[in-house]
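What follows is calculated from the coordinates using simple rules that are stated; it is not laboratory data. As the structure is a prediction and not an experimental result, all values here were calculated from the model. Here Cβ is always computed from backbone atoms with ideal geometry, including for glycine, and neighbour counts include all displayed protein chains.
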Amino acid sequence: MACKRGALIVLEGVDKAGKTTQCNRLVQALQQSGRPAEMMRFPDRTTTIGQLISAYLEKKSDLEDHAVHLLFSANRWELVPLMKKKLEQGITLVVDRYAFSGVAFTSAKPGFCLDWCMKPDVGLPKPDLVMFLQLSPAEAALRGQFGEERYETSVFQRAVQQKFDQLRKDPAVNWQVIDASQSVEDVHENISTHSLNTVNAAQNRPLGELWK
Ligand code: Z5A
């Protein structure tokens, strides 16, 4: 590798936790401090696979639950060559949702277990840091009504939250829980501190493989 690699930083959390807001703020702050950084999000609705997912989320099409789970995973895998290239170029990637959302959302459906849901994502680039933006359903409700997309109901979001709780017990993943109920600026300060430590530490460490 010609230069020190960028860090892979993921933000996870339930609906309206502020993931997109904070990803944007973090990328901006890293860039302003002279550290190359870019944002990515999953699902990436711009690809052919992403368009199938988007139509499903918008309830314009129906897909079998196993099939759509595999599509979400395929959407990540199709971006892996690009992700690796950018990381090798020294660009830190700040990612809005990743495999953890994939597992939490599908395993919250009846008849799915965590183990089956994790399998398709085994071997993805392993995040150097996963920040879980913690927000109670009551606090999320203060940020507005749920949208019209699939999964946007309080009952389902509570089930997803429980699955995230289970995933966070895995010590092999560098989880940090962030109190997302604070102001945008306070949450950003917290996230920045964790991220700067991670960017510095990742430089000299090889990129890992998730769940391997
Ligand atoms: N999904 C899946 O099933 N399988 C997969 O593998 C993956 C995803 C990757 C994609 O939704 C859906 O796909 C998602 C999971 C599923 N389904 N759900 N639900 P998406 O990515 O297109 O949208 P989202 O992730 O659900 O976005 P969000 O949760 O609605 O928003 P957010 O990114 O967490 O929050 P935000 O947009 O930054 O902020 C929301 C509002 O709160 C906004 O008005 C902000 O101004 C406000 N906000 C933000 N921060 C604060 C603070 N600190 N205080 C007050 N107000 C705030």
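Worth pointing out:
- If R0 equals 30 Å, the separation of the Cβ atoms of Ala138 and Glu58 corresponds to a calculated FRET efficiency of about 0.65.
- Highest mean packing first, where packing is the average number of other Cβ atoms within 10 Å per residue, the peptides 202-210, 40-48, 136-144 line up as 40-48, 202-210, 136-144.
- Here the calculated FRET efficiency for Gln176 and His66, from their Cβ-Cβ distance with R0 = 45 Å, stands at 0.90, rounded to the nearest 0.05.
- Annotation for the range 26-87 versus the range 122-186: alpha-carbon center distance of 17 Å.
- Near Pro137, once Lys and Arg are set to +1 and Asp and Glu to -1 for all other residues with Cβ below 14 Å from its Cβ, the sum equals -1.
- Spin-label model, Asn200 to Ser33: label points 7 Å out along the Cα-to-beta-carbon direction sit 0.9 nm apart.
- Distance-filtered residues of the range 24-49 - backbone nitrogen under 16 Å, label point 7 angstrom along Gln89 Cα→Cβ: 31, 35-41
- Summary value for the chain: 34 percent relative contact order, contacts being C-alpha pairs under 8 angstrom separated by 6+ residues.
- Think of it as helices only: each DSSP H run of n ≥ 4 in the chain is worth -39500 (n - 2.57), and spread over all residues that comes to -14000 deg cm²/dmol at 222 nm.
- Gain in span if fully extended, Thr46 to Phe146, counting 0.36 nm per residue against the direct Cα distance: 33.7 nm
- Shape call, the range 85-183: gyration tensor on alpha carbons, a/c limit 1.5: oblate
- For the residue pairs Lys19/Lys126; Lys84/Lys163; Lys59/Lys85; Lys16/Lys126, the C-alpha atoms sit more than 23 angstrom apart in Lys84/Lys163; Lys59/Lys85; Lys16/Lys126.
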